[in-house]
Amino acid sequence: MKHLKEEKTLVVLKPDAVQRALVGEILSRFERTGFKIVGMKMAYASKELAGEHYADDEEWLISVGEKTKQSYAAKGIANDEEPKSIGQRIRQQLMDFISMSPTVAFVLEGNDVINKVRVMIGGTAPNSALPGTIRGDFGFDSYGLADAAGRPIQNLIHASDSVESAKREIAIWFKEDELHSYERVDEALNYRIA
Ligand code: CDP
Ligand code: MG
C-alpha cells in the first residue's frame, strides 16, 4: 500500500486565473499548506483534451445540472429543463472556455490532498464560496451571471474530487515522466513516525 503522503490530485488554473495574473498567489497557498508540487506546466488545452477532461459522463452531467437547478431554486427562479440537458450545454461551454487561452496545470502530493484542496478552493460559485477559499477570495461570479452571458462560471480553478477522478485527470494532463519525485525540507517533520 502507498504511504498516505503519496496521494495526488490534479489542479488546473483556468484561463481566468492566468489572465488575471493570479497564478503565483494561488500556487503559493498550496505550497504554504505543505503540499508538494510534483508536476507543473503551462498548457494550452486542445478541444480534444478539454473533451476528455470534461468527460461525456452521464452521472457528472446530471450532477452539474442538478447543482444549477438548486442554485436557481434557492433564488426562487423557475426552471423546468432536464438536469442532463443543462449538463450537456455547460459541458460544451466549459470545453470552449478551458481551451480559449493558456491554463497552468499542476499535480500536488500530500496527505489527504484531494479533500484538502477541494476545501481550499471553495464552492463552485464564487458569489457564495466562503471567504478564505480561493474562489471566495478572488471572484464573485454566479450561476445567474454566467447563464445570462451564455458562458461557464468563472471560478478560476479546477481540482479533482475523488481518488478515481484524480487518477483519470492526472493521466489526461501529464505523462508519467512529467511527474517528479523529491523531498521537501519539512517532510521529516510532517510525516515522521515517532
Ligand atoms: O468545479 P466543481 O467541481 O466545483 O464543479 P462541477 O459541478 O464539477 O462543475 C464543473 C465546472 O462547471 C465548474 O467549475 C464551473 O466552472 C462549471 N459550471 C458552470 O459553469 N455552470 C454551471 N451551472 C455548473 C457548472
Ligand atoms: Mg467537479
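The values are calculated or read from the model by the stated rules, or taken from the named source; none is laboratory data. Nothing here was measured: the structure is a model prediction, and the numbers come from that model. Neighbour counts run over all protein chains shown; Cβ positions are idealised from the backbone, glycine included. Side chains are part of the model used for accessible areas, which takes the heavy atoms of the whole protein and leaves out ligands, DNA and RNA. Shrake-Rupley method; radii C 1.70, N 1.55, O 1.52, S 1.80 Å.
Once you mark the GluC sites (Glu not before Pro) that are in a DSSP loop and have at most 13 other Cβ atoms within 10 Å, what is the longest gap between them in the chain? Counting at most 13 other Cβ atoms within 10 Å as exposed, the longest clean stretch of the chain is 82-182.
Compared with the alpha-carbon gap, the fully stretched path from I172 to R118 is longer by 17.5 nm at 0.36 nm per residue. P(r) tail, the chain: Cα-Cα pairs separated by more than 22 Å, 49% of all pairs. The amide H of R20, built 1.01 Å from its N in the peptide plane, has no neighbour under 5 Å, considering only residues 5 or more places off or on other chains. In segment 46-100, the portion of solvent-accessible area held by carbon and sulfur atoms comes to 50 percent [1.4 Å probe, whole percent, DNA, RNA and ligands not counted].
Couplings for segment 105-114, taken from phi via the Karplus curve 6.51 cos²θ - 1.76 cosθ + 1.60 with θ = phi - 60°, read 10, 8, 10, 10, 10, x, 4, 6, 5, 4 Hz in order; Gly and Pro are left as x. For the chain, a crude dipole built from +1 on the beta carbon of Lys and Arg and -1 on the beta carbon of Asp and Glu, taken about the Cα centre, is about 460 debye to the nearest 20. Rolling a 1.4 angstrom probe over the protein heavy atoms with all chains in place gives the chain an accessible area of 55 Å² per residue. Please go through segment 1-77 and write out the chymotrypsin sites (Phe, Trp or Tyr not before Pro) that DSSP classes as loop and that have at most 12 other C-beta atoms within 10 Å. Passing both the DSSP loop test and the Cβ count: Y44.
For the chain, the mean residue ellipticity at 222 nm estimated from helices alone is -13500 deg cm²/dmol, where every DSSP H run of n ≥ 4 contributes -39500 (n - 2.57) and the total is divided by all residues, rounded to the nearest 500. With the convex hull of the Cα atoms taken as the outline of segment 131-179, the averaged projected area works out to 5.0 nm². Each residue of segment 82-94 is assigned a 3J(HN,Hα), and the resulting list reads 5, x, 5, 6, 4, x, 5, 5, 5, 4, 4, 5, 5 Hz, derived from the Karplus form 6.51 cos²θ - 1.76 cosθ + 1.60 (θ = phi - 60°), x at Gly and Pro.
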